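Let me begin by presenting the structure, written as structure tokens, before commenting on it.
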Amino acid sequence: MKLSKKLGVIALISGLMISTAPSAMAVDLVGQGASFPALLIEECKVVFSKTTGHSLTYAPTGSGTGRDGSDKQLGQIWFSDTAHTGSTARPTLIHIPAAAAPIAILHNLPARTQLYLSPETTAKIFAGTITKWNAPEIVKDNNRTVTTIVYKKDSKGDLVKDKSGKPVVLRKASKKISYTLPNQAIKVIYRADKSGTSGNFTAWLSGVAPTLWNKPKNDTFVTAFPGNINDAGNIGRIVGANYSPGVSQLAAATKYSITFAEVSYGTKYGLKSAAIGNASGNFALPTGDATAAFLGSATVDSKGIFSFDYTTKEAGAYTLGIITYMLGDTDYKDKAALPAIKAWANLITSPACTDLAPDFIEITGTLKKYSDAAIAKLG
């Protein structure tokens with residue numbers, strides 16, 4: 001599934017000059033952190049080496065290790081899918097919005113019919129209160145008339161917006177759907193490691209179903225899980241795996257399973273993305289346009305940290321969109337590596353990288369403004 005390449009929150013023209021001549025003083029950067037953007041980072045590493053002569057070795061071991069690496073200045077490059085606001089954060093920490101993408105609800109139903117899930121139904125599935133694929137809530141979601149939204153775009157492929165900044169709807173498409181669901185147990189696969197993907201996902205769950213998901217969002221899924229994940233009914237049916245590739249591989253090997261990860265992992269492992277409902281009553285797939293429509297309503301604080309409205313009534317919004325942050329510093333221990341670090345930061349936030357990873361959305365507008373300002377503070 002290919003995403004639109006522009007986020008276009010607010011129009012902003014920003015040039016990026018990337019040297020095509022390798023540096024005479026090549027630097028070998030070391031990084032760690034979020035696995036969600038790992039495929040984007042892998043693509044970007046090749047461009048980084050060719051255009052600058054520098055290299056990057058990146059370990060996609062989860063947002064928790066990215067934040068820990070930033071705290072201790074282990075290596076020079078760190079990524080986290082949630083903002084680092086903990087007590088261990090260095091006072092010189094900088095959040096750089098590096099890329100945007102949707103979290104997909106990926107499933108392994110043998111019948112490849114498109115699955116539709118309301119936010120409430122999704123929340124119940126991952127809370128373990130809906131345990132069968134033919135539960136009444138899922139049957140209702142998939143036997144009805146559904147409406148999807150097509151947004152108007154300009155010649156560059158960007159969403160056209162009205163004077164208030166809302167994307168302009170080109171047309172609405174309604175259709176009747178009918179799906180006979182199997183009488184099979186739902187196998188829920190969650191991220192077992194400390195993960196920014198889990199942090200964003202549990203924030204969404206508590207945002208759309210606050211009565212059920214009544215604990216604070218958490219990068220550790222089991223900590224945010226309502227009730228006891230080790231209850232007898234959950235053992236063997238709700239299981240964990242580490243990192244985005246881990247949950248995706250396990251889901252691919254487990255019929256009747258469901259999990260959450262970045263879209264490209266579903267493509268890589270043969271899983272299908274569900275269409276998720278929003279507060280307007282419409283459904284959206286994790287596409288670039290639908291994710292951009294959601295992220296466009298985000299608010300940002302003075303530190304460049306974005307907050308999202310999961311109950312937005314934007315008609316075509318896919319509300320499981322996230323921003324992945326590169327964690328920078330105004331006082332790097334390794335001063336000699338600073339030019340290479342800045343070169344990497346400028347590259348990962350540019351079309352030179354996002355155009356190579358079709359499941360990520362190039363950041364523009366408000367995101368790009370804060371990203372460029374944060375990169376300028378690296379020191």
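The values are calculated or read from the model by the stated rules, or taken from the named source; none is laboratory data. Worth saying up front: this structure is predicted, and the values here are computed from it rather than measured. Don't worry about glycine lacking a Cβ; one is built from the backbone with ideal geometry, like all the others, and counts go over all protein chains shown.
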Members of the range 338-356 that are surrounded by 22 or more Cβ atoms within 10 Å (Cβ to Cβ) and of a type in the set (A, V, I, L, M, F, W, C): ALA340, ILE341, TRP344, ALA345, ILE348, CYS353
Some residue of the range 297-316 being in a strand (DSSP E or B), among the polar types (S, T, N, Q) and either farther than 16 Å from ALA98 by Cα or free of Cβ contacts under 8 Å to residues at least 12 places away in the same chain (or both): yes
Strands (runs of 3 or more DSSP E) (entirely within the range 61-163) containing at least 1 residues that are modelled with pLDDT of 95 or more, in the same structural domain as ASP219 (by TED's automatic domain parsing) and not basic (Lys, Arg): 93-107, 143-151
Number of the exception - THR202 against (1) closer than 19 Å to ILE105 by Cα; (2) at pLDDT below 95; (3) polar (S, T, N, Q): (2)
Conditions (1) more than 14 Å from the chain's Cα centre (by Cα); (2) under 21 Å from HIS54 (Cβ atoms); number of the one not met by GLY316: (2)
Leading residue by the ranking (nearest to TRP204 (Cα to Cα)) among those in the range 104-124 that are touching a helix residue (DSSP H, G or I) at 6+ places or on another chain (Cβ under 8 Å) and among the hydrophobic types (A, V, I, L, M, F, W, C): ALA123
Qualifying residues in the range 246-264 (those that are touching a strand residue (DSSP E or B) at 6+ places or on another chain (Cβ under 7 Å) and assigned to a helix (DSSP H, G or I)) - the one modelled with the lowest pLDDT: VAL263
Selected residue [crowded, with 17+ Cβ neighbours inside 10 Å, in the same structural domain as THR122 (by TED's automatic domain parsing) and not in a strand (DSSP E or B)] from ASP372, ASP359, ASP289: ASP289
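Between ALA185, ALA99, ALA104, which is in contact (Cβ under 8 Å) with a residue 12 or more places away in the chain, touching a Ser or Thr at 6+ places or on another chain (Cβ under 7 Å) and farther than 25 Å from ALA224 by Cα? Talk me through it step by step, then tell me what you get.
Numbers: ALA185 fails: farther than 25 Å from ALA224 by Cα; ALA104 fails: farther than 25 Å from ALA224 by Cα.
Unique residue meeting the criteria: ALA99.
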Residue under evaluation VAL239, criteria (1) under 19 Å from the mean Cα position of the chain (by Cα); (2) outside any loop (DSSP other than H, G, I, E, B); (3) farther than 19 Å from VAL263 by Cβ, criterion not met: (1)
